[in-house]
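FYI, it's all coordinate maths here, none of it is from the lab. What you see is a predicted model, and the numbers here were worked out from it, not measured in a lab. For neighbour counting, all protein chains shown are included, and Cβ atoms are generated from backbone atoms with ideal geometry for every residue, glycine included.
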Amino acid sequence: MRARKRARKRESQASPKQRARGLTRRKPGEMNTLETAWSEHLAAELAAGNICAYWYEPISLRLAKLCNYKPDFMVIDAEGFVEIHETKGFMQEAANVRIKVAAEKFPQFVFKLIKARRKKDGGGYTVETIGPKL
């Protein structure tokens, strides 16, 4: 019994280096702080009537064999277009490639990359459209 508790404790603890790089694992369906902040922003947009609906991690897109992409948010804007929102505090190369491949493979969606701006730069978000612009 003790061995199982110790093993579980070891698995759940991330090293300081992993925490600093943001490489800790989270439970599926659990939002990080940036996703929570963006969700609050989307809720305000929904109340204002700028969007019709939004969902958190609703779909998984197959990019290639054994390669899936699960976007953070799916949003239906006021005009009825489906947007895929990906929030990133720090962009790694693999994530950059996946969102670009997804934008090419699924042109029916508008892909948007949301990056948080630093507080000393005024805070807020930078929204970048990925793929073909409509």
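Here's the picture: a label point sits 7 Å out from the Cα of Leu66 along the beta-carbon direction, and within segment 95-116 the residues with their amide nitrogen under 19 Å of it are 95, 98.
Using Cβ counts within 10 Å as a stand-in for footprinting exposure, how do Phe90, Phe106 rank, fewest first?
Numbers: Phe90 10, Phe106 17.
Lowest to highest Cβ neighbour count: Phe90, Phe106.
Multiplying the residue separation of Arg117 and Ala53 by 0.36 nm and subtracting their alpha-carbon distance yields 20.5 nm. Amide hydrogen proximity for Val110: with H placed 1.01 Å from N in the peptide plane, the residues at 5 or more positions away or on another chain lying under 5 Å are Val82, Glu83, Ile84.
Sort Tyr69, Tyr56 so the one with the fewest other Cβ atoms within 10 Å of its own Cβ comes first.
Sorted ascending by nearby Cβ count, the order is Tyr56, Tyr69.
In order along segment 33-44, the Karplus-derived 3J(HN,Hα) couplings, from 6.51 cos²θ - 1.76 cosθ + 1.60 at θ = phi - 60°, round to 5, 5, 5, 5, 5, 5, 4, 5, 4, 5, 5, 5 Hz, and Gly and Pro are given as x. Taking every alpha-carbon pair under 8 Å whose residues sit at least 6 apart, segment 27-130 reaches a relative contact order of 19 percent.
Across segment 54-65, coupling constants 3J(HN,Hα) worked out from phi with the 6.51/-1.76/1.60 Karplus curve, θ = phi - 60°, read 8, 9, 9, 6, x, 9, 10, 9, 8, 8, 7, 4 Hz, and Gly and Pro carry x.
When Lys105, Lys112 are arranged by Cβ crowding within 10 Å, least crowded first, meaning fewest neighbours, the order is Lys105, Lys112.
Treating the beta-carbon of each Lys and Arg as +1 and of each Asp and Glu as -1, no other charges, what is the dipole magnitude of segment 27-130 about its Cα centre, to the nearest 20 debye? Please list the in-between numbers first.
Working: 14 positive and 14 negative charges, 98 e Å.
Dipole about the Cα centre, nearest 20: 460 debye.
Under a Cβ-Cβ cut-off of 11 Å, what is the net charge of the residues other than Asn68 that fall near it, where Lys and Arg count +1 and Asp and Glu count -1? The partial results should precede the final answer.
Working: positive: Arg62, Lys65, Lys70, Arg98; negative: none.
So the environment of Asn68 carries a net charge of +4.
Extending 7 Å from the Cα toward the beta-carbon at both Glu40 and Glu104 defines two label points whose distance is 3.8 nm.
Please compare each pair in Lys27/Lys120; Lys65/Lys88; Lys70/Lys119; Lys27/Lys70; Lys88/Lys120 to a cut-off of 20 Å on the Cα-Cα distance and tell me which ones are over it. From the list (Lys27/Lys120; Lys65/Lys88; Lys70/Lys119; Lys27/Lys70; Lys88/Lys120), the Cα-Cα distance tops 20 Å for Lys27/Lys120; Lys65/Lys88; Lys70/Lys119.
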